[in-house]
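Student: Okay, here's the structure, questions in a sec.
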Amino acid sequence: MGIVILSTITFLLVSFNRSPSQLLRKAGLTLAEDNSVFDNIIGYFIEKGIYDPIEIDEYLVEFGQSPMFSVA
């Protein structure tokens, strides 16, 4: 369920170009800092302001994670 919620939050960030920290806080979520490869990848892209779904998916798949925006 966490991945679905995080996918939705990231989709909203991409679609509406909202402040990541504000949107995550309002949803009651945070990204894990050290445990999750998925969260680290998503956190990196959010911090860098990179919201290209294709690029995000490519990195997720490259690191053995499920894509968020497409089917691998």
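A short reminder: the numbers here are calculations on the coordinates, not readings from a lab. All of these numbers come straight from a predicted model, not from anything done at the bench. So basically every Cβ, Gly included, is an ideal-geometry build from the backbone, and we count neighbours across all protein chains shown.
Student: Please give the length that would be gained between Ile54 and Val37 if that part of the chain were fully extended, namely 0.36 nm times their separation in residues minus their C-alpha to C-alpha distance (nm, one decimal). Before the final figure, lay out each step's value.
Tutor: Details: separation 17, 0.36 × 17 = 6.12 nm, distance 1.78 nm.
Here the answer is 4.3 nm.
Student: Excluding Phe69 itself, calculate the net charge of residues whose Cβ lies under 12 Å from the Cβ of Phe69, where each Lys or Arg counts +1 and each Asp or Glu counts -1.
Tutor: Taking every other residue near Phe69 into account, the sum is -4.
Student: Using the Karplus curve 6.51 cos²θ - 1.76 cosθ + 1.60 with θ = phi - 60°, work out ³J(HN,Hα) for each residue of the range 54-63 in order, rounded to whole Hz, and write x for Gly and Pro.
Tutor: The phi angles translate into 5, 5, 4, 4, 4, 5, 4, 5, 4, 9 Hz.
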